[in-house]
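Participant: This is the structure I have questions about; it appears just below.
The values are calculated or read from the model by the stated rules, or taken from the named source; none is laboratory data. What you are looking at is a predicted structure, and each value in this text was computed from that prediction instead of being measured. Cβ atoms come from the backbone with ideal geometry, glycine included; neighbour counts cover every protein chain shown.
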Amino acid sequence: MQGITVYNEKVEKVLTNINKVMIGKEDVATLSLVALLAEGHVLLEDVPGVGKTMLVRALAKSLDCDFRRVQFTPDLLPSDVTGISIYNPKELEFEFRPGPILGNIVLADEINRTSPKTQSSLLEAMEEKNITVDGNTIPLQKPFFVMATQNPIEYEGTYPLPEAQLDRFILKLKMGYPTFMEELKILERTSRNHPIEGIQAVMTKEELIQVQQEVKEVYIDKSIQEYIIHLVTKTREDIATYLGVSPRGAIALMKAAKAYAYIYGRDYVLPDDVKFLVPFVFGHRIILTSEARYEGMTSEEVISQIVKSTQIPIRKEF
């Protein structure tokens, strides 16, 4: 990453706010904003207690948006997420009672602790920005951003997310444990009051929507688009992969690169932007063959080799 200094003033205040709460997680906070500005969604995977939920709360409090939270449990139903129509005997008609998915910033907490049926209730919302209840299509508010947290699938009581669900997340991130000094700062900051309590909104809903529109105008050269396609194609052709990156993944990488460039004050994408983001965009989208897994290979290793073997476009204007 290009250091922790953010040059775009519109998003710098948001990151500053988040970093008041999260110690040593500047990169994760920046990548979360990349997904938000690219109108995508984030999957945060790590062990309990490292600050996944706190990061989402800090982001939500920094934005003057409607924040909703869904705590996923084994007995959660799809209607608990999308909402349900209930008959009103007084009015002699059905009334729709919206679920938590009808918000701007939605925290899907421990998403892999619920059944695949309930997980799939998010598919339409995340991709098409609307939900269907009792045959009626209901558009979601703008902006709409899902930040899901999950525990590693090796933990008991978890369900692996289906490939179609994983493909809806533009980025998959991991928090990691803090260093000794970072953890010491965490104890110092939380010894009396938690910093999250003092966070105030620094960007309105309208400003966020405007920034998302500005991100779309960031220029990406055709040679960089071709670079993205070369990377995607290699994930499909590699002998270690059973399933490569879909066209949705290619679009996700392009959108993320535009948002990343915008955050660093540029109106154009660099090849290095794409190169840096590849592991976060591709990591959860490829499936290795059983032979590759048996040999101990990981998706991170395969992606690293693909990036190294793909020629970076060189242009004077970059």
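Participant: Are there any pairs with C-beta distances below 6 angstrom linking a residue in region 257-277 that is closer than 15 Å to ASP221 by Cβ to a residue that is surrounded by 24 or more Cβ atoms within 10 Å (Cβ to Cβ) and of a type in the set (Gly, Ala, Ser), with the two at least 6 apart or on different chains, and if so which?
Facilitator: Pairs that qualify, where the first residue is closer than 15 Å to ASP221 by Cβ and the partner is surrounded by 24 or more Cβ atoms within 10 Å (Cβ to Cβ) and of a type in the set (Gly, Ala, Ser), are VAL269/ALA257; ASP273/ALA257; VAL274/ALA257.
Participant: Something else now. Search region 3-23 for residues being part of a loop (DSSP other than H, G, I, E, B) and either in contact with a Leu (Cβ under 7 Å, 6 or more places away or on another chain) or aromatic (Phe, Trp, Tyr) (or both), and hand back the single one that is farthest from ALA148 (Cα to Cα).
Facilitator: Residues of region 3-23 part of a loop (DSSP other than H, G, I, E, B): 3-8, 22-23.
Next, from what is left, pick out any that are either in contact with a Leu (Cβ under 7 Å, 6 or more places away or on another chain) or aromatic (Phe, Trp, Tyr) (or both): 6-7, 22.
Details: VAL6: 25, TYR7: 27, MET22: 17 Å.
So the residue we want is TYR7.
Participant: Within region 163-193, how many residues turn out to be of a type outside the set (D, E, K, R), surrounded by fewer than 13 Cβ atoms within 10 Å (Cβ to Cβ) and without any contact (Cβ under 8 Å) to a residue 12 or more places away in the chain?
Facilitator: 6
Participant: Pairs please, first residue from region 296-311 and assigned by TED's automatic domain parsing to the domain that holds PRO271 and under 14 Å from PHE280 (Cβ atoms), second anywhere and aromatic (Phe, Trp, Tyr) and surrounded by 13 or more Cβ atoms within 10 Å (Cβ to Cβ), Cβ atoms under 7 Å, 6+ apart in sequence or on different chains.
Facilitator: These pairs meet every condition: ILE303/PHE282.
Participant: While we're looking at this one, here's another question. Could you pull out the residue among LEU36, LEU76, LEU43 that is of a type in the set (A, V, I, L, M, F, W, C) and over 29 Å from ALA261 (Cβ atoms)? I'd like the intermediate steps shown before the answer.
Facilitator: Numbers: LEU36 fails: over 29 Å from ALA261 (Cβ atoms); LEU43 fails: over 29 Å from ALA261 (Cβ atoms).
Of the residues listed, the single one that is of a type in the set (A, V, I, L, M, F, W, C) and over 29 Å from ALA261 (Cβ atoms) is LEU76.
Participant: Restricting to region 255-268, and then to whatever is in a loop (DSSP other than H, G, I, E, B) and more than 20 Å from the chain's Cα centre (by Cα), can you tell me which residue is surrounded by the most Cβ atoms within 10 Å (Cβ to Cβ)?
Facilitator: In the first step, residues of region 255-268 are kept if they are in a loop (DSSP other than H, G, I, E, B); the result is 264-267.
Filter once more, so that each one left must be more than 20 Å from the chain's Cα centre (by Cα): 265-267.
Numbers: GLY265: 14, ARG266: 16, ASP267: 12.
Looking at residues that are in a loop (DSSP other than H, G, I, E, B) and more than 20 Å from the chain's Cα centre (by Cα), I get ARG266.
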